Amino acid sequence: MNSFPPGFLWGASTAPHQIEGNNLNSDWWVQEQTVPGMEPSGDAIDSYHRYREDMTLLADAGLNSYRFGIEWARIEPLPGRFSRAELAHYRRMIETAFELGLTPVVTLHHFTTPRWFAEEGGWLGERAVERFAAYAAEATSILGGVEWVATMNEPNMLAMMTTMRRMMTAAPQATEEQAQEQWQSPTVDQDPRPQLPPPDPEIGARLVDAHHAAREIVRARTDAKVGWTVANRAFVARPGAEAKKRELEYVWEDLYLQGSIRDDFVGVQSYSSQWVSEAGIEPHPQSPDNTLVGTAYRPDAIGIALRHTAEVTGGLPILITENGIATSDDARRITYTDEALRHVSEAVDDGIDVRGYLHWSLLDNYEWGHWEPTFGLISVDRDTFARTPKPSLAWLGSVARAGDLTAVGH
Ligand code: BGC
């Protein structure tokens, strides 16, 4: 069929720390200055000041939705001290989206926390859930009219990063070189770097509690649909490895998908697929087709992710909140996205309740310790901050306008 339901959201996603710049009060800013091997975010791409231009490019291309985050580290610079000016800043972003005819999808937490929260023990700290709930309560003051709110981005990857940090703190004797070897972006998966450690389910359970606390607050104080967004590695079992796949799926995904069962929607985020053998997750095979973050070129991943999510959540409405490819070749981005959307459309035809597709990312941005992987529909000159839309932006806009893939070539 290759067509999409009426009212489908078509857009692109971003995260505050990756685009705003000078997020000085966040735990990631501290990390960037101290962990060897990480590139700093610096000014990022200055979207803190240029958000209107960014949203205008998106709307003018024909898209109707923008997913962005509000930054906890700016809104609550000290425990219990909320910045009215920063809340007003994010309210202006929401108003700008409305003005441009864009449906905002607002993320309350996308990997970064205030420094003081990290110093209190971060997600392992005793007051973590209470602190996050207090922030969420304050955030609701600016969410009037917003229809879609995600409490947290990829809690499963956040749990993995928290596990990784705990391992690094537990081994302070590590030399600088060892630390450098250990450092790995949550998204860069290249050999010979070590594989990502599995997220500790106890940390995951803590995040589920934080999500539920925030969800109830957002529900009580706004009319928004509330959920969270889960990274999906689209595992596929080798013959005989079904049990291993289920075991890994639980640790990496299902714990979090089950945590979303009473939500209003779930965000699905998928980029590539991975084989599972009886020995565990197979590294992405080396191939010239691999993306700039070392993952296999697998536009079918989103279809696998949608089906798995629908099965675990019992058919909860789904927003695809991230899908895309790290490549410097924009024609390849179009081919990947076209193929990915065909898998989405097949899932819709099979009765899966998909409400929208938000591409990662609107802009080339700071990829968690690295600048090289480019996921954007728009490139950015990091000295002048000039934005240059790539052909993929116009292409996705045409698909959005047509609501149909067959009407648009590539
Ligand atoms: C994250 C983004 C990231 C993207 C691409 C997701 O893990 O939510 O922040 O940039 O994938 O790697």
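Of all DSSP-defined beta bridges confined to segment 9-407, some 15% are antiparallel rather than parallel.
Here the accessible area is traced with a 1.4 Å probe on the protein chains. For the chain, carbon and sulfur cover 51 percent of it.
Distances between placed amide hydrogens fall under 5 Å for L319 paired with V266, G267, V268, R355, all partners being 5 or more residues away or on another chain. With each label modelled as a point 7 angstrom along the Cα→C-beta vector, the V236-D329 pair spans 2.0 nm.
In sequence order, segment 70-87 has phi-based couplings of 10, 9, 3, 4, 7, 6, 10, x, 10, x, x, 10, 9, 8, 4, 5, 6, 4 Hz under the Karplus curve 6.51 cos²θ - 1.76 cosθ + 1.60, θ = phi - 60°, and Gly or Pro positions carry x. When the square roots of the Cα gyration tensor eigenvalues are ordered a ≥ b ≥ c, the ratio a/c for segment 70-141 is 1.5 or more and a/b exceeds b/c, which makes its shape prolate. Would you mind getting the accessible area per residue of the chain, heavy atoms of the protein chains only, 1.4 Å probe, in Å²? The answer is 38 Å² per residue. The aspartates and glutamates whose alpha-carbon is closer than 14 Å to the alpha-carbon of K245, local same-chain residues fewer than 8 away aside, are E253, D254, E278, E282. The value obtained for segment 1-112, namely the Cα convex hull volume divided by the number of residues, is 129 Å³ per residue. A protection proxy built from the mean count of other Cβ atoms within 10 Å ranks the segments 400-408, 77-85, most packed first, as 400-408, 77-85. Rounded, prolate or oblate: which one fits segment 231-306, using the alpha carbon gyration tensor with axes a ≥ b ≥ c (rounded when a/c is under 1.5, else prolate when a/b beats b/c, else oblate)? Cα axes put segment 231-306 in the oblate bin.
Among 383-394, 152-163, the peptide with the highest mean count of other Cβ atoms within 10 Å heads the list, and the full ranking is 152-163, 383-394. Taking amide H as placed 1.01 Å from N in the peptide plane, the amide H of D200 sits under 5 Å from that of T163, each at least 5 places away or on another chain.
Calculate the tail of P(r) for segment 9-407: the fraction of all Cα-Cα distances greater than 27 Å, expressed in %.
46 percent
May I ask you to compute the full-extension gain from R127 to T169, defined as 0.36 nm times their residue separation minus their alpha-carbon distance, rounded to one decimal in nm? Stretched fully, the R127-T169 segment lengthens by 13.1 nm. In angstrom, the C-alpha Rg and Dmax of segment 304-410 are 15.2, 48.
The values are calculated or read from the model by the stated rules, or taken from the named source; none is laboratory data. Quantities reported herein were computed from a predicted structural model and do not represent experimental measurements. Neighbour counts are summed over all protein chains in view; Cβ atoms, including those assigned to glycine, are modelled from backbone coordinates with ideal geometry. Heavy atoms of the whole protein, side chains included, go into the accessibility calculation; ligands, DNA and RNA do not. Shrake-Rupley method; radii C 1.70, N 1.55, O 1.52, S 1.80 Å.
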